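Chemist: Supplied in structure tokens, the structure appears directly below.
The values are calculated or read from the model by the stated rules, or taken from the named source; none is laboratory data. As the structure is a computational prediction, the values presented were derived from the model and not from experiment. No Cβ is skipped: glycine too gets one built from the backbone with ideal geometry, and neighbour counts run over all protein chains shown.
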Amino acid sequence: MIFSRDYVDYLARRTVKHLLEAKMIRTDKVKMVEERVYKAILEELSLEDRINEEVRVILEAYQEEMRRTGASYPEMFKKVKMELARKYKAVL
């Protein structure tokens, strides 16, 4: 993940504060809302990490074939990653 968990926590708190000040949401349980926003942001940011790991596993399975055909690992990584992003409907 490209952001620290502390920064994600800060983003969640600022987001909730902004939404409350703009009267876009109302709640008596601000901490609970901040926690839910934190988890949602963290989940979204972690998606790319999970996709990258899945790409590595897939390419490892085809490692020998890629070596035989002379396929470029970075090029194949990008192609497989984009395909998985499309499959998961992720915006990377």
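Chemist: Quick one: which residue in E54, E64, E75 is farther than 18 Å from M1 by Cα, assigned to a helix (DSSP H, G or I) and either at pLDDT 95 or above or of a type in the set (V, I, T) (or both)? Before the answer, list the steps.
Modeler: Numbers: E54 fails: farther than 18 Å from M1 by Cα; E64 fails: either at pLDDT 95 or above or of a type in the set (V, I, T) (or both).
Of the residues listed, the single one that is farther than 18 Å from M1 by Cα, assigned to a helix (DSSP H, G or I) and either at pLDDT 95 or above or of a type in the set (V, I, T) (or both) is E75.
Chemist: Pairs, please: C-beta under 7 Å, at least 6 apart or cross-chain, first residue closer than 16 Å to R56 by Cα and in the range 81-92, second among the charged types (D, E, K, R)?
Modeler: Close Cβ pairs (under 7 Å, with a partner that is among the charged types (D, E, K, R)) amount to L84/E54.
Chemist: Another question, then. Can you name the residue in the range 42-80 that is more than 16 Å from the chain's Cα centre (by Cα) and of a type in the set (S, T, N, Q) and is also surrounded by the fewest Cβ atoms within 10 Å (Cβ to Cβ) among such residues?
Modeler: For the range 42-80, the residue satisfying everything is T69.
Chemist: Is the range 25-42 home to any residue that is modelled with pLDDT of 95 or more and touching a Lys or Arg at 6+ places or on another chain (Cβ under 7 Å)?
Modeler: Checked against the condition, which is being modelled with pLDDT of 95 or more and touching a Lys or Arg at 6+ places or on another chain (Cβ under 7 Å), the range 25-42 yields at least one hit.
Chemist: Right, here's the next one. Before we move on, is K39 under 21 Å from I2 (Cα atoms), surrounded by 12 or more Cβ atoms within 10 Å (Cβ to Cβ) and free of Cβ contacts under 8 Å to residues at least 24 places away in the same chain?
Modeler: Details: under 21 Å from I2 (Cα atoms): yes; surrounded by 12 or more Cβ atoms within 10 Å (Cβ to Cβ): yes; free of Cβ contacts under 8 Å to residues at least 24 places away in the same chain: yes.
In short, yes.
Chemist: Go through the range 58-85 residue by residue and tally those that are more than 23 Å from S46 (Cβ to Cβ) and not aliphatic (A, V, I, L, M).
Modeler: Count: 11.
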